[in-house]
Amino acid sequence: MKKYVIGVDAGGTKTEAAAYTLLGEFLCTHVTDMGNIAVNLESATEHIKAAIRLCLSELTDTDCVGIIIGVAGGGIIERTQALKEFLAKEFTCPISIVNDVLLNYYSVMGKQDGVLVVAGTGSICLGKNQGEFNTVGGWGHLLGDEGSAYDIGLKALKTIIHDDHKGELSPFSRNILTSLSMAQPQDVKAYVYQGVKKDIAKIASLVDLFAQGSDHQAIRILQDAGIELAKQAILCIQKSKLSVPLSIGIKGSVIENCVIVRQSFMDEINKRFNEVQFISIPNRLGSFGGYKYWKDNLK
């Protein structure tokens, strides 16, 4: 059996683990639930362990030369250390834990300098210049996540509230209420305060759907999301002291799959910089960044 590395992308919505040979050939992948240790260390740890076990069940344990985990909430040192201790009791091969955005940077950008913009359930930018990394964003849905699916979903719900205050619901607001099986605007409160983060984030796909039907409010929300992501990217470029020509990677369901968000983002960037290469690798697993990180830093 070939030696292999397991990369784990433990994000706020799901945990995806995949095994790769030492030459980067894909072997297998498995997905479990969320892996954000900042939200719930115990649950995230169990989901991460389960994803790794599923990969190992298809392979030979002794052939694993390393497990590289990119984890949401990895900036909390105490929880990262606790996770590493839990996993060390479970698995015998070397374990490295980094922030999930770093794993995604390596997945899209490899070793090159530039900025990675991630916009999925949450949002964050990571810049790299001559081996030094800087982040902008990544503060979570209560403090930030501008331009993310959660942000888009919340703005859609706030549009309903705004319309209710004016005394007349727009077609957009009525469509959102109907799609979420809400009878009246007042139901928004229970949906937000009694619901979970991913339920609000899922509304972004409805906004995208209505935007494709030329709803002007939906289009505006998505365009604004792209502008917010561009603002973060520009700050990250400045913070990282990068100069043109620039390489900007994009990753995440919102910026990769929503044409309006992506175009609005690119338009804002191109207004500011005249030499930009946008990099997107559709269907590239975040866990591949675990292999790339191992190859460039641990091999």
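The values are calculated or read from the model by the stated rules, or taken from the named source; none is laboratory data. Note that the structure is a prediction, hence the values are computed from the model and not measured. Cβ coordinates were reconstructed from backbone atoms using ideal geometry, including for glycine residues, and neighbour counts include every protein chain displayed. Quick note on the areas: whole protein, heavy atoms, side chains included, nothing else; ligands and nucleic acids left out. Shrake-Rupley method; radii C 1.70, N 1.55, O 1.52, S 1.80 Å.
The largest accessible area among 197, 299, 202 belongs to the first residue in 299, 202, 197, and the rest follow in falling order (1.4 Å probe, all chains). Kirkwood radius for the stretch 211-290, taken over all pairs of different Cα atoms as the inverse mean of 1/r, rounds to 13.6 Å.
Of all DSSP beta bridges located in the chain, what percent are antiparallel, nearest 5?
Close to 55 percent.
Computed about its Cα centre, the charge dipole of the stretch 100-221 is approximately 80 debye, with only Lys, Arg, Asp and Glu carrying charge at their Cβ. For 14, 251, the ranking by accessible surface with the largest value first comes to 14, 251, using a 1.4 Å probe.
Going by accessible surface with a 1.4 Å probe and the largest first, 224, 61, 151 read 61, 224, 151.
Residue 165 sits with roughly 140 Å² accessible to a 1.4 Å probe, with DNA, RNA and ligands left out of the calculation. Normalised per residue, the accessible area of the chain is 48 Å², obtained with a 1.4 Å probe and no contribution from ligands, DNA or RNA. May I ask you to give the percent of accessible area on the chain that is carbon plus sulfur, with a probe radius of 1.4 Å? Carbon plus sulfur share of accessible area: 51 percent.
Calculated mean residue ellipticity at 222 nm for the chain: -14500 deg cm²/dmol, from DSSP H runs with n ≥ 4 weighted as -39500 (n - 2.57), summed, divided by the residue count and rounded to 500.
Projecting the Cα positions of 254, 188, 270 onto the charge dipole of the stretch 145-277 (unit charges on Cβ atoms of Lys, Arg, Asp and Glu, taken about the Cα centre) puts 270 furthest along the positive direction. Each peptide in 77-90, 183-196, 228-241 gets a packing score, the mean of other Cβ atoms within 10 Å over its residues, and the list from highest to lowest is 228-241, 77-90, 183-196. Per-residue SASA remark: residue 181, around 110 Å² accessible (1.4 Å probe; ligands, DNA and RNA not included). Against the main long axis of the alpha-carbon atoms of the chain, helix 149-166 sits at an angle near 10°.
Helix 77-90 and the longest principal axis of the Cα set of the chain meet at an angle near 50°.
Our summary gives the chain a relative contact order of 22 percent, counting only alpha carbon pairs under 8 angstrom and 6 or more residues apart. Report the one residue of 297, 45, 206 whose Cα lies farthest in the direction of the positive end of the charge dipole of the chain (charges on C-beta: Lys and Arg +1, Asp and Glu -1; origin at the Cα centre). It is 297.
Say the cut-off is 29 Å between C-alpha atoms; which of 89/295; 251/299; 197/295 go over it? Beyond 29 Å between Cα atoms: 197/295. The calculated P(r) of the chain, using every Cα pair and 10 Å bins from 0, goes 6, 27, 31, 23, 11, 2, 0 in percent.
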